Amino acid sequence: MRETVEQVINGILDAQAEELVNAGRYERTDERQAYRSGHYTRGLLTQVGRIDVSVPKLRGARFTTEVIERYRRRESSVEEAMMETYFLGVSTRNVEEVTSILWQEGVSAGTVSNLNQDAYRKVDEWRTRPLTCEYPYVFVDGTYVKRSWGGAYESVAVLVDIGVNSDGFREVIGVAEGYRESEDSWCEFLLSLRERGLRGVRMLAGDKSAGMLGALAQVFPEAMYQRCTVHFYRNVLAKVPKRRRKQVAAQLKAIHAQESLKACARKAREVAEELRTSKLADAASIVEEGFMETLTYARFPMEHWRRIRTNNGIERLNREIKRRTKAVASFPDGKAATMLAAARCKFIADGNWGSRRYLDVSLLNGWDERRDMGV
């Protein structure tokens, strides 16, 4: 295969040289535009391995070709594969070993770093792109990575925001460093999203972080807040003995398996009473005080309930960020951490994650009026 590719590329280059010269090799004609002056050999790294390309030299004209860009030593697909390998968690030094195995030629760690600089530029453009449509459902969360901060290596937050757009597809609409999941950090992050065009938000879902709640109320006061039901279960089960957790978990899931908001609220009060009777007063208090925050999803079409009552979609991204950043261990600054997290999110969003329709958002058309009428 490598020999075939080499012959085809060299044949194309010779044909282009003849067309530029306007005469065949050794042909004598008055229409000749230039003269052949031999070849020079260039190495080109392709998907089938390293090939030797014989580039024609001309006298009286400059040979240019679109087959091989000037100064290019690697096929673009090879460079994309190296960057993808790095984003998947392989360190820059180990990429050299991977390329040696795949294409019989190693690529230095410095070359991979230079390629990544161009990739990060594109990722930053994607991360700060204008948001041109409405996002009725938005999910927010944060995860922590290690980086150098004030002369010490400490954990800092990476804030992630995904939204379901007006066509029903998921998008990663924001990735930023927040130092801590404080109200100031969340406010700054959410304000930047609004400045980029985030609008039409009907519901925001997240875990019950005090800083997040305060920021959501300030930046998007018109949007409803949905507390992630999974985080709610964890908070309750933390107050339950281990031998009772399976039974209590089934009771909690029964709350959100009802057919209406009123039925869910009635079931939640029953569960709280049962927990109190079972001498689990702390767990009962958490249910009584927090169950209404977990039922916001019931104010929207039933077809959306299963996917908007949890933060599971964004937790998937957080796991990928964690898995990728573990290969680095600690970052020299916040920009490096944010860009790598954003690059990983972009890689996932460009795949099946973002190409499958997530919800039928057309069900929201006129939903507020029908809900007010009790339909």
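The values are calculated or read from the model by the stated rules, or taken from the named source; none is laboratory data. Because the structure is a prediction, the values reported are computed rather than measured. We place every Cβ from the backbone using ideal geometry, glycine too, and count neighbours over all the protein chains shown.
Can you give me the ranges of the helices (runs of 4 or more DSSP H) entirely in segment 175-263 with at least 3 residues that are within 31 Å of the chain's Cα centre (by Cα) and loosely packed, with under 15 Cβ neighbours inside 10 Å? Full working, then the answer.
Values: elements: 183-195, 210-219, 229-237, 245-255.
Fully inside segment 175-263 and qualifying: 183-195, 210-219.
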Scanning for something touching a residue at least 12 places away in the same chain (Cβ under 8 Å), farther than 24 Å from M212 by Cβ, in the same structural domain as D360 (by TED's automatic domain parsing) and among the polar types (S, T, N, Q), does segment 256-265 turn up at least one residue? yes
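Listed here are the residues, each with its yes/no results for (1) touching a Phe, Trp or Tyr at 6+ places or on another chain (Cβ under 9 Å); (2) within 20 Å of D141 (Cβ to Cβ).
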site	(1), (2)
F232	yes, yes
N235	no, yes
K239	no, no
Q251	no, no
S260	no, no
A265	yes, no
Contact list please: Cβ distance under 8 Å, first residue in segment 267-283 and more than 13 Å from A250 (Cα to Cα) and in contact (Cβ under 8 Å) with a residue 24 or more places away in the chain, second residue of a type in the set (V, I, T) and in a loop (DSSP other than H, G, I, E, B), pairs at least six apart or on different chains. L280/V240; A283/V240
Output the residues belonging to segment 37-56 that are at pLDDT 70 or above and surrounded by 13 or more Cβ atoms within 10 Å (Cβ to Cβ). H39, R42, V53, S54, V55, P56
I'm trying to understand the selection: among the residues of segment 244-296, which are under 22 Å from D207 (Cβ atoms) and charged (D, E, K, R)? R245, K253, D282, E288, E289, E293
Residue, farthest from R356 (Cα to Cα), within segment 138-167, restricted to residues that are at pLDDT 85 or above and more than 17 Å from the chain's Cα centre (by Cα): S166
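Is it true that D118 is surrounded by fewer than 18 Cβ atoms within 10 Å (Cβ to Cβ) and either modelled with pLDDT of 85 or more or not assigned by TED's automatic domain parsing to the domain that holds L191 (or both)? Steps first, answer last, please.
On the way: surrounded by fewer than 18 Cβ atoms within 10 Å (Cβ to Cβ): yes; either modelled with pLDDT of 85 or more or not assigned by TED's automatic domain parsing to the domain that holds L191 (or both): yes.
Spelling it out, D118 is indeed surrounded by fewer than 18 Cβ atoms within 10 Å (Cβ to Cβ) and either modelled with pLDDT of 85 or more or not assigned by TED's automatic domain parsing to the domain that holds L191 (or both).
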Output the number of residues of segment 316-375 satisfying the condition of being modelled with pLDDT under 85, farther than 17 Å from D161 by Cβ and crowded, with 19+ Cβ neighbours inside 10 Å. 4
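I'd like the full set of residues that are aliphatic (A, V, I, L, M) and either surrounded by 20 or more Cβ atoms within 10 Å (Cβ to Cβ) or not in a helix (DSSP H, G or I) (or both), limited to segment 264-285. Steps first, please.
Taking segment 264-285 as the starting set, the residues that turn out to be aliphatic (A, V, I, L, M) are 265, 268, 271-272, 275, 280-281, 283-284.
Listed by number, the residues that qualify are A268, V271, A272, L275, L280, A283, A284.
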Is it the case that E303 is in contact (Cβ under 8 Å) with a residue 24 or more places away in the chain, on the phi < 0 side of the Ramachandran plot and in contact with a strand residue (DSSP E or B) (Cβ under 6 Å, 6 or more places away or on another chain)? no
Filter segment 192-212 for residues that are closer than 16 Å to G142 by Cβ and of a type in the set (A, V, I, L, M, F, W, C); the one that is modelled with the lowest pLDDT is A210
May I ask you to list the residues in segment 303-312 that are crowded, with 18+ Cβ neighbours inside 10 Å and either modelled with pLDDT under 90 or touching a Gly at 6+ places or on another chain (Cβ under 7 Å) (or both)? N311
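Would you pick out the residues in segment 207-235 that are among the β-branched types (V, I, T) and closer than 14 Å to E293 by Cα?
T229, V230
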Tell me which residues, restricted to segment 121-165, are surrounded by 15 or more Cβ atoms within 10 Å (Cβ to Cβ) and assigned to a loop (DSSP other than H, G, I, E, B). L131, E134, Y135, P136, N165
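Can you find even one residue in segment 213-221 that is more than 30 Å from E125 (Cβ to Cβ), modelled with pLDDT of 90 or more and in the same structural domain as A337 (by TED's automatic domain parsing)?
First pass over segment 213-221, keeping only residues more than 30 Å from E125 (Cβ to Cβ): 213-214, 217, 221.
Next, from what is left, pick out any that are modelled with pLDDT of 90 or more: 221.
So of that shortlist, the ones also in the same structural domain as A337 (by TED's automatic domain parsing) come out as 221.
Within segment 213-221, one or more residues are more than 30 Å from E125 (Cβ to Cβ), modelled with pLDDT of 90 or more and in the same structural domain as A337 (by TED's automatic domain parsing).
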